[in-house]
Amino acid sequence: MSTLTIKNLHVSIEGKEILKGLNLEIKAGEIHAIMGPNGTGKSTLSYAIMGHPAYEVTEGEILFDGQDMLELATDERSRLGFFLAFQYPVAIPGVTVANFLRTALNARRRAENPDDKGISILEFRKTLKAKMDMLKMDHAFAGRYLNDGFSGGEKKRAEILQMATLKPKIAVLDETDSGLDIDALRIVADGVNALSGDDLGVMVITHYQRLLDYIKPKFVHIMFDGRIVESAGPELALRLEEQGYDWVREKYAEPIVA
Ligand code: ADP
Ligand code: MG
């Protein structure tokens, strides 16, 4: 069973410390929600997990089944089974959704078996159609250029389709903090629910309790000022919905020294 373990993680961007000693463990089969005010480092955490070069880990560990992830480049982490659904997916004009996914899938297969000849186009079309049906997507979607002119909801769908195709062991979903309508929330939630199971551990970053009406996390964590300060069950998200973050700020904000 796959386990992601994050111990005392410190991460800086351009010399500024953003994560200040973060601890978290995610096991396959578990859905964890990370909530917290803007600017607390939620996206920084997801980039650090994937190995974004601009995010410098100055202290601490990221382990996957005991293996040191910090030694690995982003593509190596991906091939081990890590997946990040971006908060702001990038458009790639000229590359269709289908081509992109087949290339990514073949890279994954070759990582597992260097002799793999790649999935045949016919077989790939069949599995892609099945996944699109599961996610209630129009098949024409596969022929469009990746994220090029996509609506917010379509971008989210494309990310979930990518996740369904690559079948990661640990998926990090970084939600957009504003502007996701209820349909887009449902797309993300239905996708995660359809894919989650004993083999997949999920970390859902969300600003909104609403998403958790559809995705049922086992654990909810509150992030504040670069650390996870509270962890509990889904009731914690309900408390945030009722009371906001003021009590978190009062409890954990560092006093301003004059
Ligand atoms: P969240 O996702 O919780 O809103 P972020 O991880 O995006 O928070 O940002 C945390 C802090 O790091 C913020 O103060 C933000 O301004 C800063 N930050 C994020 N990305 C960069 C970057 N590429 N360069 C400089 N500062 C950044
Ligand atoms: Mg963010």
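The values are calculated or read from the model by the stated rules, or taken from the named source; none is laboratory data. Here the structure is a predicted model, which is why all the values come from computation and not from measurement. So basically every Cβ, Gly included, is an ideal-geometry build from the backbone, and we count neighbours across all protein chains shown.
Numerical summary
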| read-out | value |
| --- | --- |
| Enumeration of residues in segment 195-207 that are outside any loop (DSSP other than H, G, I, E, B) and out of contact with any His (no Cβ under 6 Å at 6 or more places or on another chain) | LEU195, GLY201, VAL202, VAL204, ILE205 |
| So ASP116, is it more than 16 Å from ligand 1 (Cβ to nearest atom), under 20 Å from the mean Cα position of the chain (by Cα) and either under 30 Å from VAL248 (Cβ atoms) or modelled with pLDDT under 95 (or both) | no |
| Evaluation of THR40 against (1) among the hydroxyl-bearing types (Ser, Thr, Tyr); (2) crowded, with 19+ Cβ neighbours inside 10 Å; (3) not in a loop (DSSP other than H, G, I, E, B) (one fails), failing number | (3) |
| Matching entry among GLY51, GLY39, GLY29, GLY66 (being within 16 Å of ligand 1 (Cβ to nearest atom) and farther than 26 Å from LEU146 by Cβ) | GLY39 |
| Selection status of VAL192, part of a loop (DSSP other than H, G, I, E, B), among the aliphatic types (A, V, I, L, M) and more than 16 Å from ligand 1 (Cβ to nearest atom) | no |
| Members of segment 208-242 that are buried (at least 18 other Cβ atoms within 10 Å of the Cβ), within 16 Å of ligand 2 (Cβ to nearest atom) and part of a loop (DSSP other than H, G, I, E, B) | ASP225, GLY226 |
| Residue in segment 171-182 that is assigned to a helix (DSSP H, G or I) and either modelled with pLDDT of 90 or more or surrounded by fewer than 22 Cβ atoms within 10 Å (Cβ to Cβ) (or both) present | yes |
| Residue list for segment 243-258, filter: closer than 16 Å to SER231 by Cα and either exposed (fewer than 10 other Cβ atoms within 10 Å of the Cβ) or of a type in the set (Gly, Ala, Ser) (or both) | GLY244 |
| Pairs, first free of Cβ contacts under 8 Å to residues at least 60 places away in the same chain and surrounded by 13 or more Cβ atoms within 10 Å (Cβ to Cβ) in segment 125-152, second of a type in the set (Phe, Trp, Tyr) and part of a loop (DSSP other than H, G, I, E, B), C-beta under 9 Å, six or more apart | ARG144/PHE150 |
| Residue under evaluation GLU14, criteria (1) within 14 Å of ligand 1 (Cβ to nearest atom); (2) surrounded by 16 or more Cβ atoms within 10 Å (Cβ to Cβ), criterion not met | (2) |
| Filter pass, VAL95 being in contact with a strand residue (DSSP E or B) (Cβ under 8 Å, 6 or more places away or on another chain), farther than 28 Å from GLY153 by Cα and either part of a strand (DSSP E or B) or small (Gly, Ala, Ser) (or both) | no |
| Selection status of LEU200, buried (at least 20 other Cβ atoms within 10 Å of the Cβ), touching a Lys or Arg at 6+ places or on another chain (Cβ under 9 Å) and touching a residue at least 60 places away in the same chain (Cβ under 8 Å) | yes |
| Matching residues in segment 29-85 - criterion: being over 20 Å from SER231 (Cα atoms), within 16 Å of ligand 2 (Cβ to nearest atom) and not aliphatic (A, V, I, L, M) | TYR47, HIS52, TYR55 |
| GLU56 being of a type in the set (D, E, K, R) and part of a strand (DSSP E or B) | yes |
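Quick grid of which residues meet (1) in contact with a helix residue (DSSP H, G or I) (Cβ under 9 Å, 6 or more places away or on another chain); (2) closer than 26 Å to ILE92 by Cα; (3) within 16 Å of ligand 1 (Cβ to nearest atom); (4) basic (Lys, Arg):
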residue	(1), (2), (3), (4)
MET137	yes, yes, no, no
LEU146	yes, yes, no, no
LEU166	yes, yes, no, no
LEU173	yes, yes, yes, no
ARG210	yes, no, no, yes
PHE219	yes, no, no, no
MET223	yes, no, yes, no
ARG227	yes, no, yes, yes
GLY233	no, no, no, no
